[in-house]
Amino acid sequence: MNIQRRWLFSIAIIIAWITIALPGVGRADDKARERKTLRGIQAIVVIVHEVEAEWRAELEKVGLSESLLESEIERQLEKAGIRVLPDEASTRSEFEGILNVRLRFSDPEPAKKQFPTFDKKGEVIEKVDVKKRYVYAIRLNLRQLVSLKRDPTAEAFSITWQAESVGMRRLALIKDDIKSLVDVFIEAYISENPNSIKR
């Protein structure tokens, strides 16, 4: 197998592995049937789940830390007129939805050209390749309190809406994909709750 075919085969395996490895109870997509489950939700809690420890430092350099992403997504929702609650203020009632964001990464290619990063004293602290591409998977889903049709007293939190993105890009550009997925959620939410939007 030549180098190019082996490289493409490795990428395909990594993408498949990342997609399968992402945890999830159920799968839902942005379809009319799943959009209906957003009707009546009055507030959203945003939770960006921790990435693997090996990626944390690298992601923070490009503004992809969990806390920063959470703040940016909350601002994006609020700007669209959707009420956002901090996690600690949530009552986990049937009128609240939990917007979960999960990121997974893989490092499919070695750095090609490294550039030094300097500290305040002008000393080199590390070298990074700003053009290096990473295989990634983003899963955005909404969990909410639901009850079973056969037994309405049995309640549980379940995923009722979901959107995903898998690809290979530079870390700094992955933020754009996250923003796009949040825009998909905003459009879905507004389509089902036009009267609850605060402008």
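The values are calculated or read from the model by the stated rules, or taken from the named source; none is laboratory data. No experiment lies behind these values; they were computed from the predicted model shown. All Cβ positions, glycine included, derive from the backbone under ideal geometry; neighbour counts span all protein chains shown. Protein only, heavy atoms only, side chains kept; ligands, DNA and RNA dropped before computing areas. Shrake-Rupley method; radii C 1.70, N 1.55, O 1.52, S 1.80 Å.
So is A80 modelled with pLDDT of 90 or more and over 15 Å from the mean Cα position of the chain (by Cα) or not?
Details: modelled with pLDDT of 90 or more: yes; over 15 Å from the mean Cα position of the chain (by Cα): yes.
For A80, the condition - modelled with pLDDT of 90 or more and over 15 Å from the mean Cα position of the chain (by Cα) - is met.
Can you give me the number of residues within region 142-199 that are open to solvent by 50 Å² or more (accessible area, probe 1.4 Å) and aromatic (F, W, Y)?
Of the residues in region 142-199, 1 are open to solvent by 50 Å² or more (accessible area, probe 1.4 Å) and aromatic (F, W, Y).
Quick grid of which residues meet (1) surrounded by 10 or more Cβ atoms within 10 Å (Cβ to Cβ); (2) under 25 Å from A137 (Cα atoms); (3) at pLDDT 65 or above; (4) among the charged types (D, E, K, R):
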| position | (1), (2), (3), (4) |
| --- | --- |
| I20 | no, yes, no, no |
| I47 | yes, yes, yes, no |
| E58 | yes, yes, yes, yes |
| G63 | yes, yes, yes, no |
| R75 | yes, yes, yes, yes |
| E88 | no, no, yes, yes |
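Output the residue which, of all residues in region 112-167 that are among the polar types (S, T, N, Q) and under 26 Å from H49 (Cβ atoms), is modelled with the lowest pLDDT. If you could, list the steps in order and put the result at the bottom.
As a first pass, look at region 112-167 and keep what is among the polar types (S, T, N, Q): 114, 117, 141, 144, 147, 153, 158, 160, 162, 165.
Those left that are additionally under 26 Å from H49 (Cβ atoms): 141, 144, 147, 158, 160, 162, 165.
Working: N141: 93, Q144: 91, S147: 80, S158: 87, T160: 90, Q162: 92, S165: 88.
Within region 112-167, the match that is modelled with the lowest pLDDT is S147.
Tell me yes or no: at least one residue of region 95-111 is open to solvent by 60 Å² or more (accessible area, probe 1.4 Å) and modelled with pLDDT of 80 or more. I'd like the intermediate steps shown before the answer.
Initial filter on region 95-111 (open to solvent by 60 Å² or more (accessible area, probe 1.4 Å)): 95, 107, 110.
Then keep just the ones that are modelled with pLDDT of 80 or more; that gives 95.
Checking region 95-111: at least one residue is open to solvent by 60 Å² or more (accessible area, probe 1.4 Å) and modelled with pLDDT of 80 or more.
What pairs come up if the first residue lies in region 37-53 and is without any contact (Cβ under 8 Å) to a residue 60 or more places away in the chain, the second is open to solvent by less than 10 Å² (accessible area, probe 1.4 Å) and among the polar types (S, T, N, Q), and their beta carbons are under 7 Å apart, counting only those six or more places apart or on different chains?
I47/N100; H49/N100
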